[in-house]
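The values are calculated or read from the model by the stated rules, or taken from the named source; none is laboratory data. In this text the structure is predicted, and so the values were computed from the model without any measurement. Because the Cβ atoms are built from the backbone with ideal geometry, glycine has one as well, and the counts that use them run over all protein chains shown. For accessibility, only protein heavy atoms count, side chains too; no ligands or nucleic acids. Shrake-Rupley method; radii C 1.70, N 1.55, O 1.52, S 1.80 Å.
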Amino acid sequence: MAYSIGLPAAVGASSAQLSVAGGEAIFGKPGAIYARLFTPEFRPLPDERVVGKLEKLDGQGLRNQSLVLNAVPNQPGDYIANLPNDQQGRYRLTVRSGGEDAVLEYRVTLPPDHEMAPGPMNYRELSALAEKSAGRFYREESLHEMAGAIQIQTVPQSRRQEILLWSNWLVWGIIVGLFTMEWIIRKFSNMS
């Protein structure tokens, strides 16, 4: 009786409790979704499996997918589903339990040492790089100064044009002349 009276207060208006294993989903690290599902009378749901709907709320890739939650042996009403966590972004899991929809929104985040994880700006290194290239590093709050700091400079421009020797008639004339001269010298020197 105490279980039946206290359970509605624990789960609120919903007849389900959904959570991500470990409290967070990390990109590239397989995870799980735990669910505790109840009937409208707040008794543990007896089904062997429950199908939920997994939606990706942002970005590209997977949009809607069915997610099968399997019953945990010897724990009535408890279910688990494995998640690959192979796409970063926000997700929403909707599971029907006790005549109403239970919703869990969670985010798959990058691990702190991941190459795509946002990191702090390295101000010292960026400033040194800008000074080495005879420039100045501008932050967002000083961008209005950049237009005035630009100086007009002239640079001599050279234009290269490729000339193919085989397309010039003078070169052909010299080559034919050299072969002709060699033939004449061989002819009159009795060189066969």
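On a 0 to 90° scale, report how tilted helix 2-11 is relative to the longest principal axis of the chain, with both axes built from alpha carbons and the result rounded to the nearest 10.
The helix 2-11 is inclined about 30 degrees to the chain.
Please compute the per residue accessible area over the chain with all protein chains in place, 1.4 Å probe, rounded to a whole number of Å².
Numbers: 14980 Å² over 192 residues.
I get 78 Å² per residue for the chain.
Note down, for the chain, the three equivalent ellipsoid semi-axes (square root of 5 times each alpha carbon gyration tensor eigenvalue), biggest first, whole angstrom. The partial results should precede the final answer.
Details: eigenvalues 1192, 195, 40 Å².
Equivalent ellipsoid of the chain: 77, 31, 14 Å, largest first.
Tell me, what are the semi-axes, in whole angstrom and largest first, of the equivalent ellipsoid of the stretch 33-94 as set by the roots of 5 times the Cα gyration tensor eigenvalues? Let's see the in-between values first.
Values: eigenvalues 135, 27, 14 Å².
In descending order the semi-axes read 26, 12, 8 Å.
When averaged across all projection directions, what area in nm² does the alpha-carbon convex hull of the stretch 78-163 cover? Can you show the working numbers first?
Values: hull surface 59.8 nm².
Its average projected convex-hull area is 15.0 nm².
How much net charge surrounds Leu110 when only the other residues with a Cβ under 12 Å from the Cβ of Leu110 are counted, with Lys and Arg +1 and Asp and Glu -1? Kindly include the intermediate steps, with their values, before the conclusion.
Working: positive: Lys29, Arg107; negative: Glu24, Asp113, Glu115.
Neighbour charge sum, excluding Leu110 itself: -1.
I'm a student and want to see the number: the projected area of the Cα convex hull of the stretch 128-181, averaged over all directions, in nm². Display every interim value, and only then the final one.
Working: hull surface 32.3 nm².
Across all orientations, the stretch 128-181 yields a mean hull projection of 8.1 nm².
log₁₀ I(q)/I(0) of the stretch 74-118 at q = 0.20, 0.27 Å⁻¹, via Debye over equal Cα point scatterers, no solvent, to two decimals?
-0.82, -1.09
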